[in-house]
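One structure below.
We did not get these values from a lab; they are worked out from the coordinates using the rules stated. Because the structure is a prediction, the values reported are computed rather than measured. Heads up, the Cβs are rebuilt from the backbone with ideal geometry, glycines too, and the neighbour counts pull from every protein chain shown.
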Amino acid sequence: MKDRTIIKYIKKCNEKGIEMLIDNYNGLLTSVIKTHLNPILDYEEECLADVLFLIWENIEGFNNKESSFKNWICAIAKYKAIDYKRKYISKINVEIDDGIYYIDENLCRLEIQEEINEILDFLGDKDKELFTRYYLNGDKLEEIALDSNTNVTNLHSRLSRGRKKIRNSIFK
């Protein structure tokens, strides 16, 4: 019942919805963010603010037939934390002598790669390659289409089906 009320308020752009969301799920969202943002917790509050904004902006994308509201917001928090980790990993200082804790950048990169592989495991080999080239390597669809003897429209369709497959697998 609470979730429906929160969703209703947010859809009507009523700030009371975000207040209720924070009251009910702040601890859970913070926990998810800490788990996936570790060891760079300096960005925890900023990440939480971005998660709340994403929920506010994308509430129309929530479908209670695909997942619960709780799972949906946790997934948003998880992937936003992973984005933050990827974005800020290059800014980590590893100055041991000045009292700053040593952070193993290679370990952080490995953790991120493992999480990406977990997500991509829902796809077949060809789709994994497509997702890796397009989303991770930043290759243009025209270039991928030439290499794979197909057209851009087919690649758009495969990307769309792949995203849907990942979403459905994660929210089950």
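Listed values, structure above:
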| read-out | value |
| --- | --- |
| Sequence of Glu45, Glu111 once ranked by neighbouring C-beta atoms within 10 Å, starting from the fewest | Glu45, Glu111 |
| Within straight-line cross-link reach of Lys11, lysines at Cα separation under 27 Å, skipping those fewer than 8 residues along the same chain | Lys2, Lys65, Lys70, Lys78, Lys80, Lys164, Lys165, Lys172 |
| Neighbourhood charge, 12 Å Cβ-Cβ cut-off, centred on Lys140 and excluding it, Lys, Arg +1 and Asp, Glu -1 | -3 |
| Projected area averaged over orientations for the chain, convex hull of C-alpha atoms, nm² | 12.1 nm² |
| J(HN,Hα) series, the range 70-85, from Karplus relation 6.51 cos²θ - 1.76 cosθ + 1.60, nearest Hz, glycine and proline x | 4, 5, 4, 5, 5, 5, 4, 4, 4, 6, 5, 5, 5, 4, 4, 4 |
| Cβ-based exposure ranking for Asp121, Asp83, in which fewest neighbours within 10 Å come first | Asp121, Asp83 |
| Gap separating the Cα centres of the range 4-66 and the range 139-172, nearest whole Å | 28 Å |
| Karplus 3J(HN,Hα) series, Hz, for the range 116-127 with 6.51 cos²θ - 1.76 cosθ + 1.60 (x for Gly, Pro) | 5, 4, 4, 5, 6, 5, 6, 9, x, 4, 5, 5 |
| q = 0.21, 0.26, 0.31 Å⁻¹, the range 121-172: log10 I(q)/I(0) [Debye, one scatterer per Cα] | -0.71, -1.01, -1.28 |
| Neighbour-count ranking [beta-carbon atoms within 10 angstrom, fewest first] of Tyr79, Tyr84 | Tyr79, Tyr84 |
